[in-house]
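The values are calculated or read from the model by the stated rules, or taken from the named source; none is laboratory data. Computed from a prediction, not measured in an experiment: that's the story for all the values here. Quick reminder, even Gly has a Cβ in these numbers, built from the backbone with ideal geometry, and neighbours come from all protein chains shown. Keep in mind that these areas ignore ligands, DNA and RNA; they rest on the heavy atoms of the full protein, side chains included. Shrake-Rupley method; radii C 1.70, N 1.55, O 1.52, S 1.80 Å.
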Amino acid sequence: MPKKTVKDIDVKGKRVLVRVDFNVPLKDGVITDDTRISAALPTIKYLIDRGAKVILVSHLGRPKGQVKEEFRLDPVARRLSELLGREVTKVDQCIGEEPKKAISQMREGDVLLLENVRFYAGEKENDPQFAEQLAELADVYVNDAFGTAHRAHASTAGVARYLPAVAGFLMQKELEMLGEAVNNPKHPFVAIIGGAKVSDKIGVIENLLNKVDTLIIGGGMANTFLKAKGFNVGRSLVEEDKIDLAKGLLQKAAANKIELLLPDDALVADSLESPTAIKTVPVEKVPEDYMILDIGPDSAKKFASAVQKAGTVVWNGPMGVFEQKAFAGGTEEVARALAESHAVSVVGGGDSAAAVKKTGVADRISHISTGGGASLQFLEGKELPGVAALQDA
Ligand code: ADP
Ligand code: MG
């Protein structure tokens with residue numbers, strides 16, 4: 001069900017509480033990547049242009065319900081102010097007299113940033129009283145924080161009980177791109193699932209097995225599937241307790257007539273931390289004392305060729321230990337294949353998004369989700385609490 005957005009409501013002169021995801025990486029108090037702030041700009045600028053009083057609320061880090069100096073949002077307010085080219089007032093509280101007073105002095109088009117909402121225990125507890133206190137500050141609520149939409153917290157879900165609640169542009173784009181890819185894909189629909197563990201992605205694989213034409217499994221999790229097929233994978237990461245589940249998924253794919261692609265060859269090494277020997281072997285010949293750390297070149301070609309023929313590709317999870325250059329080749333080749341294909345390409349998952357950026361092809365991907373956990377839950381076919389709380393269009 002599509003959701004109402006800021007475009008569907010009148011915001012002029014209104015106090016608009018916007019939940020954004022300003023959970024940016026900080027090093028010694030300096031923001032090292034402001035992608036998340038930039039991603040919220042379209043909604044903020046739209047509201048400014050329409051004469052709203054824009055009240056922003058976000059979390060940062062894990063202060064665990066307490067005030068922690070290193071997680072104050074002052075550096076974020078400064079960066080936002082630079083990006084907007086206008087003053088952003090920052091207050092040191094989220095509820096009570098201080099923000100109320102500052103808000104009463106706002107003019108149309110002004111922007112105010114509340115303090116880190118996770119300084120309050122009521123945020124994560126989704127405490128109704130805390131949600132109501134947040135709601136008291138505003139006339140309308142906008143959720144533009146897709147990255148936290150899988151959490152039912154006070155500022156992501158609870159507050160919507162007390163105010164008219166709509167989606168911001170980033171939220172709308174995420175729902176549209178992920179929703180189209182999963183529920184209305186152009187065929188052939190190819191999903192590439194990787195990453196370390198099967199257990200993290202069971203829900204995603206199960207949901208996508210009902211939808212895709214081709215399922216590609218790579219990364220560490222492929223080892224468990226290879227073992228389920230009877231291959232010996234040496235000292236590779238394997239989830240022994242998921243081998244039966246992997247067998248079941250292989251059977252289901254066959255029964256649904258889904259093409260399921262596993263690696264045919266692999267890059268193996270004698271150690272992850274300090275490899276002294278790295279070689280490419282067929283998956284049926286992994287040496288006893290070696291571990292699989294990336295897909296091999298034949299597998300990368302096979303996966304790339306499936307991507308080339310696709311109408312829609314959804315990718316979640318790297319093909320190898322891409323953080324290390326020696327084992328990044330498979331992931332990079334898949335990223336390039338995605339960039340070169342004419343398919344609608346959607347990337348979800350924090351590490352996968354990082355890998356695509358590292359490969360330098362981010363601008364040729366149709367959509368890179370800003371939400372790791374949220375995109376995963378979306379791919380599992382579950383409704384996100386932060387989305388469910390918004391008004392239907
Ligand atoms: P995402 O964040 O995109 O959802 P995951 O968090 O599920 O991805 O997986 C990413 C992690 O998987 C990376 O840290 C990577 O090193 C690891 N990984 C990939 N392949 C292997 C492998 N063969 N052995 C061990 N770890 C792997
Ligand atoms: Mg991850």
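When the chain is treated as a Gaussian network with alpha carbon springs shorter than 10 Å, the biggest mean-square fluctuation among E98, E70, E273 belongs to E273. Within straight-line reach of K279, meaning a Cα separation under 12 Å, sit the following aspartates and glutamates at least 8 residues removed in sequence or on another chain: D265, D270, D294. For the pair K257 and E284, label points projected 7 Å from Cα toward Cβ lie 2.8 nm apart. For every other residue with a beta carbon closer than 11 angstrom to the beta carbon of A328, add +1 if it is Lys or Arg and -1 if Asp or Glu, then tell me the sum. Neighbour charge sum, excluding A328 itself: -2. Converting the Cα gyration tensor eigenvalues of segment 145-273 into ellipsoid dimensions via √(5λ) gives semi-axes, longest first, of 35, 19, 13 Å. Debye-formula intensities of segment 185-379, expressed as log10 I(q)/I(0) at q = 0.08, 0.09 Å⁻¹, are -0.22, -0.28 (one equal scatterer per alpha-carbon, no solvent). Under 5 Å between amide hydrogens, built in the peptide plane, is the criterion, and for S366 it picks out S345 among residues at least 5 positions away or on other chains. Summing charges over neighbours of D289, with a neighbour being any other residue whose Cβ is under 12 Å away from its Cβ, gives -1 when K and R count +1 and D and E count -1.
Direction-averaged shadow area of the convex hull around the Cα atoms of segment 182-256, nm²? Kindly include the intermediate steps, with their values, before the conclusion.
Working: hull surface 19.3 nm².
Here the figure is 4.8 nm², rounded to one decimal.
With Cα atoms as the point set, the radius of gyration and Dmax of segment 334-393 evaluate to 13.4, 38 Å.
Sorted from longest to shortest, the spans of the Cα atoms of segment 6-172 along the three principal axes equal 39, 36, 31 Å.
Hey, what's the Kirkwood Rh for segment 272-360 if you take every pair of different alpha carbons, in angstrom? Write out the running numbers ahead of the final one.
Details: mean 1/r = 0.0727 Å⁻¹.
Answer for segment 272-360: a Kirkwood hydrodynamic radius of 13.8 Å.
Of the residues T276, T148, T156, the one that moves most in a GNM of the chain with alpha-carbon contacts below 10 Å is T276. Find the centroid of the Cα atoms in segment 206-230 and in segment 71-114, then give the distance between the two in whole Å. Here the two parts' Cα centres lie 47 Å apart. Over the heavy atoms of K14, what accessible area does a 1.4 Å probe trace out, to the nearest 10 Å²? Only protein atoms counted, so the area is about 70 Å². If you sort D74, D10 by accessible surface, 1.4 Å probe, largest first, the order is D10, D74. With a threshold of 28 Å on the Cα-Cα distance, the over-threshold entries among K3/K101; K7/K27; K3/K186; K242/K357 are K3/K101; K7/K27; K242/K357.
Relative to the globular-protein estimate of 2.2 N^0.38 Å, the Cα radius of gyration of the chain stands at 1.07. Partner aspartates and glutamates whose Cα lies under 18 Å from the Cα of K45, excluding those fewer than 8 positions away in the same chain, are identified as D8, D10, D21, D34, E82, E87, E108, D110, D144. Taking a ≥ b ≥ c as the square roots of the eigenvalues of the Cα gyration tensor, segment 104-146 is classed as prolate, since a/c reaches at least 1.5 and a/b is larger than b/c. In the chain, the longest principal axis of the Cα atoms and the axis of helix 350-359 are about 70 degrees apart.
Give me the percent of accessible area attributable to carbon and sulfur for the chain, probe 1.4 angstrom.
Values: 7880 of 16630 Å².
Here it works out to 47 percent.
The distance separating the Cα centre of segment 1-44 from that of segment 318-393 comes to 20 Å. Of F231, F71, F22, the residue with the greatest mean-square motion in the GNM of the chain, using alpha carbon springs below 10 Å, is F231.
First select every other residue whose beta carbon is under 11 angstrom from the beta carbon of A266; then total the charges, Lys and Arg +1, Asp and Glu -1. Don't skip to the answer; put the middle values down first.
Values: positive: K279, K285; negative: D264, D265, E284, D294, D298.
Local net charge: -3.
In straight-distance terms, cross-link reach from K211 covers every one of the aspartates and glutamates whose alpha-carbon lies under 16 Å from its own, apart from those fewer than eight places away in the same chain; here that gives E180, E259, E380.
Considering only protein heavy atoms, what per residue accessible area in square angstrom results for the chain with a 1.4 angstrom probe? Intermediate values should be presented prior to the final figure.
Working: 16630 Å² over 393 residues.
Value for the chain: 42 Å² per residue.
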